[in-house]
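The block underneath contains the structure these notes are about, expressed in structure tokens.
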Amino acid sequence: MIGLDMPSIADKDARKAEIIGLLPYIQTGIFPAKLQAYLNDFPDDPWGATVAGEFLYRRAADERDRSARSGRKVGEQVGRDFENAVEILSHAVKLEKRSHSAYFFLGLSLQGLGRPADATAAFLAALKLRFDASTASRLLEAVVAVQGVDFGRSVYAELMNLAAQSGVSPDEIKRTWATLLLEAGCLDDAQARELGFRCGPLLPVMDWAERNGVAPDFTDACEDIPVEDPRMIGGLPVPLFKGTVRGYRPYVCTVPDATVMAKSDMVLTADGAILNDVATDARFGHLVAFFHDKAVVKRSGDRILIDRQRYEIGEIDAAILLSGGAAHHFGHWVPEFLCRLAVLVEHPAFAALPIVVDAEMPESQFEYLRLLVDNEILRLPPDRGLRCRRLVIAPPPSFFPVFWFADNEIPTHEQGPFSPRCFRFLRDRILARLPPAGVRNRRLYLSRGKRQWRYLQNDAEIADHLRALGFEVVHPEEHSFADQVRLFQEAEAIVSPSGSVLLNLIFADPSVKLLVLNQAHLFSVNGFYGPMRALGYEPHFLCGTDGDPVDKHAAFTIPLERLREGLQRIGL
């Protein structure tokens, strides 16, 4: 009778296949529930234990990385997941001593707990079962953490020999070794080049120009950017900031023999320097992280390691630079990149020069650029770079980081405030090509219901309520840029979750009624609200519920009664 209640071998295989099929959905609740049920029925199955350990490791590592990218402290659950992964993977290697995956993820989990000596033993066991570059690289990290970089040199040489004997590409091992040398302060550019990388000092463009006797093509006075926290409708009474931020000094500079790479903010010079104004900001540059930059391997102080070998480098005589690590995001494309055109047009040969941009951008962003200028546009594919005999560059209008390290000291009003001066330039150029038709009677709800972040959890409810009040529900990402401009030009009233589409507000009439739906936390909204008021607009912000005090992209909810209050406040 007992045997009739036990899962059969066929059932075990079927459930294993089901779990494998769920691997693409590992972040959902379905996967861990199915996996836990499998472990309950088959507690001594090494495959199940290994998959469970891998799941716990990946969940912890993903949350650790997300925390780093959002500049927040790592939560306690991350440590618990690493500990549980170590426990279950230790059980797995006892059940099956020839499981490379079990040893590998055991080593990674031990690394996550800061136990490099124990991780070394796990990675060695994995390598004895199968040599691969990822395991070799993690072993190298663990050995150097315990024994130091000098001892690591002999381990690196041995691993490179084993890679050659095994026919395994050594690129990942080289990358890891270069990173470890940089962190130890032992890497110069000559060594980096031998490994296929570039390593050099980070410098502001104008500092480099002065050292090399390169005169700027144009300079102008700094802009004092107004920044101001809005008082949110339905929000708690909190202190509100109001002031100004000094923008970067505008310049146009031609850098000779410079190399740029797709989706990277770095400019490599012939003398070994690496130029970036944001990373070298006098006050906050040391806090900037480059998780988004495809060329950056690692930054250590004022030096940075660049993966030059991953790019096929072409040559061009002269070009204007508008490519960068976050240019494919509209919220960076406009204020960080397109705004540079307000200065770049002052170059005496501007109209004759091609503009380099990243190929992997939404077509609407290319459309925006083509409406601003008539220059040739060079689209840089993700694995390509360009060596320019004359590279024309300009700075962003203000300090505009994409990521920064946890526990940063960057005030919210210093995190990329928008430039009214540059926005006037964009508005004037676009309206010259797309003049308003004169009719302004549309009520628009700009939904983020199809977006993956900063969306309303009750978007459908809000949309239905607004439809009944005569609002059109629009998904801006489905429209061309010209159509988006028309939407704003023809709007009498706009309701929208906070998001980059509101950068198009500059094309609306200043009398437009705008209600911005926001989570309970303001973050750097002051860098939008202050500049828009300076341009003659009066946005109203409505405070939502939920959200996240450390994640500005978190989803949130707007209660219907609060929406009604907000609509009354703007006269609807």
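Per residue, the accessible area of the chain comes to 44 Å², computed with a 1.4 Å probe over protein heavy atoms only.
To put it simply, the accessible area of the chain at a 1.4 Å probe is 50 percent carbon and sulfur.
Once a ≥ b ≥ c are taken as the square roots of the eigenvalues of the Cα gyration tensor of the stretch 415-495, is the result rounded (a/c under 1.5), prolate (a/b larger than b/c) or oblate (a/b not larger than b/c)? The shape class here is oblate. When Rg and the Kirkwood Rh are both derived from Cα coordinates, the Rg/Rh ratio for the chain amounts to 1.01.
Cβ-Cβ distance of Asp317 and Asp44, R₀ of 60 Å, FRET efficiency by 1/(1 + (r/R0)^6): the value works out to about 0.30.
In percent, rounded to a whole number, the relative contact order of the chain is 12, using alpha-carbon pairs under 8 Å and six or more apart. Annotation: peptides 142-148, 100-106, 517-523, 507-513, ranked by per-residue average of other Cβ atoms within 10 Å with the highest first, follow the order 100-106, 517-523, 142-148, 507-513.
Overall shape: oblate for the stretch 168-249, with the ratio a/c of the largest to smallest alpha carbon gyration tensor axis at 1.5 or above and b/c at least equal to a/b. For Ala289, nonlocal amide neighbours, meaning residues 5 or more places apart or on other chains whose placed amide H falls under 5 Å from its own, are Phe403, Trp404, Phe405. Within the stretch 387-416, name every residue whose backbone N is under 14 Å away from a label modeled 7 Å from Cα of Asp257 along the Cβ vector. In the stretch 387-416, the label zone of Asp257 (backbone N under 14 Å from the point 7 Å along Cα→Cβ) covers 387-391. A 1.4 Å probe over all protein chains sorts Thr280, Thr269, Thr219 by accessible area into Thr219, Thr280, Thr269, starting with the largest.
Placing Ser166, Ser109 in order of accessible area, with the largest value first and a 1.4 Å probe, yields Ser166, Ser109.
The residues packed around Phe105, meaning those with a beta-carbon under 10 Å from its beta-carbon, carry a net charge of 0 if Lys and Arg are +1 and Asp and Glu are -1. Calculated mean residue ellipticity at 222 nm for the chain: -12000 deg cm²/dmol, from DSSP H runs with n ≥ 4 weighted as -39500 (n - 2.57), summed, divided by the residue count and rounded to 500. The accessible area of Met532, taken with all protein chains in place and a 1.4 Å probe, comes to roughly 0 Å².
From most to least packed by mean Cβ count within 10 Å, the peptides 373-383, 350-360, 414-424 give 414-424, 350-360, 373-383. Residues with beta-carbon under 14 Å from that of Asp118, excluding Asp118: net charge, scoring Lys, Arg +1 and Asp, Glu -1? So the surrounding residues net to -1. For Thr244, the residues whose modelled amide H falls within less than 5 Å of its own, excluding neighbours fewer than 5 places apart on the same chain, are Val227. Starting from the Cα gyration tensor of the stretch 112-245, take the square roots of the eigenvalues, sort them a ≥ b ≥ c, and report rounded, prolate or oblate (rounded when a/c is under 1.5, otherwise prolate if a/b is larger than b/c, else oblate). Judged from the Cα gyration tensor, the stretch 112-245 comes out oblate (a/c at least 1.5, b/c at or above a/b). With kT/(6 pi eta Rh) evaluated at 4 °C and eta = 1.567 mPa s, and Rh the Kirkwood radius from Cα pairs, the stretch 174-316 diffuses with a coefficient of 74 µm²/s according to Stokes-Einstein. By the rule of a second cysteine Cβ within less than 4.7 angstrom, the chain holds isolated cysteines at Cys186, Cys199, Cys222, Cys253, Cys388, Cys543.
Calculate the spin-label point distance for Arg370 paired with Val439, positioning each point 7 Å from the Cα along the beta-carbon direction, and give it in nanometres. Roughly 2.6 nm, to one decimal. The alpha-carbon of Lys294 sits under 30 angstrom from the alpha-carbons of these lysines, leaving out residues fewer than 8 places away in its chain: Lys73, Lys174, Lys263, Lys450, Lys552. Measuring between their Cα centroids, the stretch 261-275 and the stretch 497-572 lie 37 Å from each other. For Lys16, the lysines whose Cα falls under 21 Å of its own Cα, not counting residues fewer than eight places away in the same chain, are Lys34, Lys94, Lys97.
The values are calculated or read from the model by the stated rules, or taken from the named source; none is laboratory data. Bear in mind the structure is a predicted one, so any value in this text is a computation, not a measurement. Note that we place each Cβ from the backbone using ideal geometry, even for glycine, and neighbour counts take in every protein chain shown. Heavy atoms of the whole protein, side chains included, go into the accessibility calculation; ligands, DNA and RNA do not. Shrake-Rupley method; radii C 1.70, N 1.55, O 1.52, S 1.80 Å.
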